[in-house]
Each structure stands twice: as C-alpha cells, then as structure tokens.
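So the structure is just underneath, and the comments pick up after that.
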Amino acid sequence: MNARPTASLIVVDGGRFLALRRAVEPMAGLWETPGGFCDGFEHPRDAAAREGREELGVEVEIKDFIGMYVGTYEFQNESLPVLDCFFFATLDPAAIRLEPTEATEMTWFDLADPPKMAFSTMDAALVDAANSLLSAK
C-alpha cells in the first residue's frame, strides 16, 4: 500500500506556533497543525495553502519547507500510511476565522515547548521546525 500525501502548516509568529483542537475523528479533541490530504495531482505546497484557506478562513503565506514524515492515519478501522509534508507559514492572526467542522478552538504555543500533538509526524515536524528557527538565528 502506497503512502497518501498530506500537506501541513506550521504557522509561526515569533517563537510561537498556531495549534487547532481537532473537531473530528481520528484524534478528536487533541491539538494539531492545520493541514490535510493532497488532492490528485495537487502539489503539497498548493495543498498546504488550500488547507490554510479552508481551516483558517484566511490566505496564508507559505514559507520554507520543513520536511516529510512517514506516519499513519486511522480511517474506517484501518491504519493508512501517510507521507506528511510540512511547511512554515505566516498569516494575519486577526483575520483567522476557524472552520467549526474542522476545529473547535485555536491557541498559540511556544515552539520550543509544544504539547503532545494528535499525530506523531506533527511532533517530529515541530522539533525540526524549532531547530531550524534556532539555527537560523
């Protein structure tokens, strides 16, 4: 079975990142970064921008690529392999309008001390994102 590509955003503002509380299963109620599955023939960078518009109701500015991470996604009692592509992004925080079918709330966390996220690929990407920003200073 081939991995399904996804695209996710680590929206940063200074030393903090934006997290959403998942509204749907799997992992409803846990924190996540905005993102989702790529459509057929959709480049992950384009999918990341689309997911930002859909979940946050605002245009995001896609920045540097963070990395790709192999993970799993539970769907209909089956573990599907996924290839999660993460990008840094920025936006106007005042313009965010959460999509209630996707997330119940949002908050900003310290990038250097994130909470446990809904998916292990998010945990790994946040570590790499924090290291990337630290090494850029």
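The values are calculated or read from the model by the stated rules, or taken from the named source; none is laboratory data. This one's a predicted model, so the numbers in the text were calculated from it and none came from an experiment. Because the Cβ atoms are built from the backbone with ideal geometry, glycine has one as well, and the counts that use them run over all protein chains shown.
Overview of results
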| quantity | calculated |
| --- | --- |
| Residue that is within 22 Å of residue 124 (Cα to Cα) and of a type in the set (D, E, K, R), where the choices are 59, 32, 78, 54 | 32 |
| Check on residue 41, in contact with a Pro (Cβ under 9 Å, 6 or more places away or on another chain) and not charged (D, E, K, R) | no |
| Breaking point among (1) at pLDDT below 95; (2) more than 26 Å from residue 1 (Cα to Cα), for residue 52 | (1) |
| In the range 37-67, the residues that are of a type in the set (Gly, Ala, Ser), without any contact (Cβ under 8 Å) to a residue 60 or more places away in the chain and on the phi > 0 side of the Ramachandran plot | 57 |
| Number of the exception - residue 17 against (1) aromatic (Phe, Trp, Tyr); (2) within 16 Å of residue 91 (Cα to Cα); (3) not in a strand (DSSP E or B) | (3) |
| Segments classed as strands (runs of 3 or more DSSP E), wholly inside the range 32-137, with at least 3 members that are exposed (fewer than 15 other Cβ atoms within 10 Å of the Cβ) and over 15 Å from the mean Cα position of the chain (by Cα) | 78-90 |
| Residue match in the range 40-54 (condition: of a type in the set (Phe, Trp, Tyr) and in contact with a helix residue (DSSP H, G or I) (Cβ under 8 Å, 6 or more places away or on another chain)) | no |
